[in-house]
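Report on one structure; see the data block that follows.
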Amino acid sequence: MNFLTSKSLPRRTVLRGLGATMALPFLDAMVPAFSVRALAAAPAHRFQAFYVPNGMAMEYWTPKGVDRAFELSPILEPLAPFRNQTVVLTGLDATWNYIHAGASGSFLTGTPRGGRNEVEIIAEVSMDQLLARHFGGQTQVASLELALDAPANAGACTGNLSCAYTHTISWRNTTQPLPMEYNPRSVFERLFGDSGSTERAAREARMRQHKSILDSVNGKLAELRKGLGPNDQAKVEQYTESIRDIERRIERAEEQRDVELPSMEQPLGVPAVFEDHLELMLDLQLLAFQTDLTRVISFMLGKEQSARPYPQIGVPEAHHPLSHHNDNPELVQQMSKINRYHSELFAKYLAKLRATPDGDGTLLDHMTILYGSGISNSSVHSGKSLPLLLLGGGAGTIKGGRHLTYKDTSMANLLVTLMDKLGVPVEKLGGSTGRLEIDTLSGV
């Protein structure tokens, strides 16, 4: 059964849970789920980035017509049921475009430059992490960083630059890229602990264990402080702050212990089939939003330079080599099949969001989703006029059903504008030069 209507997730790719004991540093990620009771209050505004790799077949992406009088392109046709909550953005340029590294490296950071070699790893704080700092005090999990490819934050992957740039879009600070989690089991454990399911009894047992460990740790810290010098006292105080944060998360979980969560068992691991893996990861994200465990998620459908083939849709060639099509019409048309397939899979996720009640509307009504790629014509690694969409009702802050066009405008300006819409205004983000006008039918 579909858990959106009957409180039970599909079981095609989920198996029995396995009990395990997690070490103290992981406790903040192991507390039970936040309750659906919070949804009875004013609906939260949630943000999700949905990144697709290797650019786009732009001839098949860009709509004809502007403002409200536009026609959905072949790649965007699967999103027709959500046209009224879709804004197509044309003419926004990447701030840093250095082969594939700049594509994902600047997508949420707006950074105008990155490192110059394998060991120099530099960007900017990403938009999702700025939001996580703001919303983190209201949810158990500040943000989720997820992907369908295993992380690789060491070595060179693109030119002579670090793999960190191609394997993540989230940066905690200017030198700390965040690894993207690809294992559904690990995601489940971060949201609900390793007790095997979201059932109340399992959550309560895990909570008692956490509280017992914290009581023991706090007692030992008190004894430890007595013989420490000033420098060590400061270090212990920093550690104590992290303990207090864990205690806060447990308190939030205790407040919600009487409310039943949608039923889900702990996944065994990574499904072998691409579509099964994607469906399970998206169901976990939907559940995290539905229960208000987090309000910020960044998701990569694939890493930059992804070589995944798609024989199931008649494209046996590897994605990345195919993206270097040299504008050959036949190869571009093959590339467009992959791009459209991604849209079709994304549309299924949007349908689930729209079918999930949230306050006086649905989850989709109260979300802002940034969908797209950090490259346009991948054959030349172009960062001009990126393929970008805004989807969802934006909690009433975004007017959909439009195609807005810009000229020589930084995508970083869009990030700053979205921060305004989400109620966390910033003066500047990366290489931004101002804000966008997205509230009227004209761009800039």
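The values are calculated or read from the model by the stated rules, or taken from the named source; none is laboratory data. The structure presented is a predicted model; accordingly, all values stated were derived computationally and were not measured. Positions of Cβ are generated from backbone atoms using ideal geometry, with glycine treated the same way; all protein chains shown enter the neighbour counts.
Summary of values
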| quantity | calculated |
| --- | --- |
| Pairs, first exposed (fewer than 14 other Cβ atoms within 10 Å of the Cβ) in the range 55-75, second modelled with pLDDT under 95, C-beta under 7 Å, six or more apart | Arg68/Leu441 |
| Test: Leu191 is modelled with pLDDT under 90, within 26 Å of Tyr371 (Cβ to Cβ) and either in contact with a Cys (Cβ under 6 Å, 6 or more places away or on another chain) or in a helix (DSSP H, G or I) (or both) | yes |
| Qualifying positions in the range 323-334 - touching a residue at least 24 places away in the same chain (Cβ under 8 Å) and either surrounded by fewer than 14 Cβ atoms within 10 Å (Cβ to Cβ) or within 14 Å of Asn54 (Cα to Cα) (or both) | Ser323, His324, His325, Asn326, Asp327, Val332 |
| Answer from Glu145, Glu124 - the residue that is in contact (Cβ under 8 Å) with a residue 24 or more places away in the chain, surrounded by 17 or more Cβ atoms within 10 Å (Cβ to Cβ), charged (D, E, K, R) and under 21 Å from Ser432 (Cα atoms) | Glu124 |
| Filter result for the condition that a residue is part of a strand (DSSP E or B) and of a type outside the set (A, V, I, L, M, F, W, C), over Thr95, Thr90 | Thr90 |
| Pairs with Cβ under 6 Å, 6+ apart, first in the range 292-306 and of a type outside the set (Val, Ile, Thr), second in a strand (DSSP E or B) | Arg295/Arg46; Ser298/Ala49; Ser298/Glu145; Phe299/Phe50; Phe299/Leu146; Met300/Tyr51; Met300/Ala147 |
| Qualifying residue in the range 164-177 (condition: buried (at least 22 other Cβ atoms within 10 Å of the Cβ), assigned to a strand (DSSP E or B) and more than 16 Å from the chain's Cα centre (by Cα)) | no |
| Qualifying residue in the range 425-432 (condition: in a loop (DSSP other than H, G, I, E, B), touching a residue at least 24 places away in the same chain (Cβ under 8 Å), surrounded by fewer than 22 Cβ atoms within 10 Å (Cβ to Cβ) and within 22 Å of the chain's Cα centre (by Cα)) | yes |
